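Below: the structure, in structure tokens.
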Amino acid sequence: QEVMDVEVKPKPSRPHWYELHVQPCLAELLGTALFIFIGCLAVLEDSGATGRLQPALAHGLALGVTVTALGDI
């Protein structure tokens with residue numbers, strides 16, 4: 001009788017092909033485009049005395065803003 005009391009849990013459904021393949025590629029494309037754009041803008045207005053600090057800060061701040069805005073996703 002105890003063997004018959006086991007509950008059978010339904011299998012979770014597999015994610016759609018869009019979520020498996022297309023969505024990660026689009027996220028990678030947008031993230032790469034954002035960092036290239038931010039990096040180019042940071043170097044474009046280089047004041048000379050900042051050296052490598054200005055692009056590093058620009059990338060770090062862009063990453064911080066992105067994580068803060070999209071961290072729940």
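The table that follows gives values for the structure above.
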item	result
Residue-normalised accessible area of the chain, expressed per residue, 1.4 Å probe, Å²	94
Portion, in percent, of the accessible area of the chain that falls on carbon or sulfur, probe 1.4 Å	68
Point-to-point label distance, Leu70-Ala56, nm (Cα→Cβ direction, 7 Å offset)	2.5
On Cα atoms only, tilt of 53-70 relative to the major axis of the chain in degrees	30
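The values are calculated or read from the model by the stated rules, or taken from the named source; none is laboratory data. All values derive from a computational prediction rather than experimental measurement. Here the Cβ is made from the backbone with ideal geometry for all residues, glycine too, and neighbour counts use every protein chain on show. For the accessible areas, the whole protein counts, side chains as well, though only heavy atoms, and no ligand, DNA or RNA atoms are used. Shrake-Rupley method; radii C 1.70, N 1.55, O 1.52, S 1.80 Å.
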